[in-house]
Amino acid sequence: MAEKIEVSGFRHFFQTEGGPVQATGTIDLSIRAGEFVTLVGPSGCGKTTLLKAIAGFITPSEGSIVCDGKPVKGPGRDRGVVFQELAILPWRTVRRNIAHGLEIARVPRVQRDATVTRLVGLMGLVGFEDRYPHELSGGMRQRVAVARTWAADPEIILMDEPFAAVDAMTRLTLQEELGRLCVATRKTVFFITHSVEEAVFLADRVLVMTKRPGTIKAVLDVPRREAGGRDWDSFTSDPVMQKIAGEVMHLVHAERV
Ligand SMILES: Nc1ncnc2c1ncn2[C@@H]1O[C@H](COP(=O)(O)OP(=O)(O)OP(=O)(O)O)[C@@H](O)[C@H]1O
Ligand SMILES: [Mg+2]
């Protein structure tokens, strides 16, 4: 499979009034087309910094980032980002939030409507198309944010703890939905989380970082997802999955700050 994202010799320092702050150690990373890669590591180790560099919001102090064979020089339509902080517009309905990127890209109305309808169905938002964000639950708002990024159809999706603020029950549903959506749309996904279970549940590959300045200390392969995506019932009763989750937990705990 072709490499979709190639990070080589990446290292980043932030310039502050007190001098440079080293945010990451040297990171090398390749993500294949269609792969779902999750990243776990202690707070402050540089996860968001790495994701922002791939998104094109940060210019690396050292090293290079190449997506689809082209060096990253800034944000682009090929890369959609879902941040932890909610990024939906309170004055737009669910439908118009999801369609936002498509409107900016001047996608014709008929095509826009078809995309929105498909994502509303996939994300379990049927019946809420004309509601405003304040009329939705937190989990629903989060699903709108994911659908909005998905609607623009980027080949690469970068997610930084997108479900961190969602309650535990809704989170399980969102994770299953995201898994299904990924299988259905074959996106390349880079996903940051603090939850070891979430990391293993969603991933084809889990990366574990050291404490700050972080480097990648371990890479664990997770057996292929079933055709329809994983579900939590089979995940929790699968000894192979539980063994991987145990290994990741062990690796993460060794980095506690
Ligand atoms: N804009 C900035 N200016 C200066 N230092 C920064 C800036 N952004 C991040 N840092 C520092 O860089 C390091 C890495 O930050 P980063 O946000 O990438 O960590 P993280 O792994 O995403 O942490 P968390 O899990 O808490 O989100 C931290 O020590 C942080 O203090
Ligand atoms: Mg972060």
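The values are calculated or read from the model by the stated rules, or taken from the named source; none is laboratory data. Just so it is clear, the model here is predicted, and its values are computed rather than measured. Because the Cβ atoms are built from the backbone with ideal geometry, glycine has one as well, and the counts that use them run over all protein chains shown.
Assess whether A168 counts as being among the small types (G, A, S) and free of Cβ contacts under 8 Å to residues at least 24 places away in the same chain.
Yes, satisfied.
Taking V257, is it within 16 Å of ligand 2 (Cβ to nearest atom), of a type in the set (V, I, T), surrounded by fewer than 18 Cβ atoms within 10 Å (Cβ to Cβ) and at pLDDT below 90?
yes
Please go through (1) surrounded by 13 or more Cβ atoms within 10 Å (Cβ to Cβ); (2) modelled with pLDDT of 95 or more for P108 and return the number of the only condition it doesn't satisfy.
(1)
Looking at (1) touching a Cys at 6+ places or on another chain (Cβ under 8 Å); (2) modelled with pLDDT under 90; (3) of a type outside the set (V, I, T), which one does A168 not meet, given that it meets all the others?
Here A168 clears every test but (1).
Results for (1) β-branched (V, I, T); (2) surrounded by 14 or more Cβ atoms within 10 Å (Cβ to Cβ); (3) closer than 18 Å to G56 by Cβ; (4) within 13 Å of ligand 1 (Cβ to nearest atom), shown as yes or no for each residue.
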residue	(1), (2), (3), (4)
K4	no, yes, yes, no
I27	yes, yes, yes, yes
G34	no, yes, no, no
G41	no, yes, no, yes
C45	no, yes, no, yes
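Suppose we filter segment 182-212 for residues that are at pLDDT below 85 and either closer than 19 Å to D233 by Cβ or touching a strand residue (DSSP E or B) at 6+ places or on another chain (Cβ under 7 Å) (or both); how many remain?
Qualifying residue count for the region: 2.
Out of the strands (runs of 3 or more DSSP E) lying entirely within segment 1-67, which hold 2 or more residues that are closer than 17 Å to V219 by Cβ, at pLDDT 95 or above and within 16 Å of ligand 2 (Cβ to nearest atom)?
Ranges flagged: 36-40.
Give D153, D130 a once-over and let me know the one that is outside any helix (DSSP H, G or I), more than 16 Å from ligand 2 (Cβ to nearest atom), in contact with a Ser or Thr (Cβ under 6 Å, 6 or more places away or on another chain) and in contact (Cβ under 8 Å) with a residue 12 or more places away in the chain.
Just one listed residue meets the conditions, D130.
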